[in-house]
Amino acid sequence: MSERRDWMGVLARSQPQRLADLLGPLPAHEMLRNPEIGAVMVRGRAGAAGAPFNLGEMTVTRCSLQLQGGLVGHAYVQGRDKSHAIRAAIVDALMQGPQSATTREAILAPLQQDQSAHRAATRAKAAATKVEFFTMVRGED
């Protein structure tokens, strides 16, 4: 996870309470853009390769803040949880400073492990319902 897009995605998909537990007390910060709740249009593609189409709207919360040392963080998270957006923006700011390695190890790595475990459990649950179809040879060939 070296790119900002990757860690922003992990933060956006994280469980709010898990992020709060990992981050602990909030560092001193100043809000540049208070958390705002809005909607975005979600687009999809048939078969992941077809023409794009509008799937529907999704509620998101965004915010921007500045830590005491001058680092600026931004966040967009799904849903209406303003504290989740604030915590995600704080981690984004921390990842741009000298504490990035510590932040990656203490916060982002556990969140990424949680998400990988969740995806694996979802795949296993889906695989349990998989039906294999086959044709029996009747001997006429």
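FYI, it's all coordinate maths here, none of it is from the lab. Worth saying up front: this structure is predicted, and the values here are computed from it rather than measured. Every residue, glycine among them, receives a Cβ derived from its backbone with ideal geometry; neighbour counts consider all protein chains shown.
The angle between the Cα long axis of helix 82-95 and the main principal axis of the chain comes to about 80°, on a 0 to 90 degree scale. Taking the range 50-141, how much of its Cα-Cα pair set, in percent, is spaced more than 23 angstrom apart? Tail fraction, whole percent: 54. Distance between the 7 Å Cα→Cβ label points at Arg43 and Ala128: 3.8 nm.
Across the range 48-61, computed HN-Hα scalar couplings (Karplus, 6.51 cos²θ - 1.76 cosθ + 1.60, θ = phi - 60°) run 6, 9, x, 5, x, 9, 7, 7, x, 9, 9, 7, 9, 10 Hz from first to last residue, x flagging Gly and Pro. Computed from Cα positions, the angle between helix 4-13 and the longest principal axis of the chain comes to roughly 80 degrees. Comparing mean-square fluctuations of Gly50, Gly73, Gly97 from a GNM of the chain with C-alpha springs under 10 Å, the top value falls on Gly50.
Taking amide H as placed 1.01 Å from N in the peptide plane, Ala75 has its amide H under 5 Å from the amide H of Cys63, each at least 5 places away in sequence or on another chain. Scan the chain and report its longest stretch carrying no GluC sites (Glu not before Pro) that are both in a DSSP loop and have at most 12 other Cβ atoms within 10 Å. Looking at the chain, 4-131 is the longest stretch - no exposed GluC sites (Glu not before Pro) with at most 12 other Cβ atoms within 10 Å.
Axis of helix 109-127 versus longest Cα principal axis of the chain: the two differ by about 20°, to the nearest ten degrees. The range 70-141 and the range 16-64 have Cα centres spaced 14 Å apart. Please work out whether the range 2-51 counts as rounded, prolate or oblate from its C-alpha gyration tensor, where a ≥ b ≥ c are the square roots of the eigenvalues and a/c under 1.5 means rounded, while otherwise a/b larger than b/c means prolate and anything else oblate? Judged from the Cα gyration tensor, the range 2-51 comes out prolate (a/c at least 1.5, a/b above b/c).
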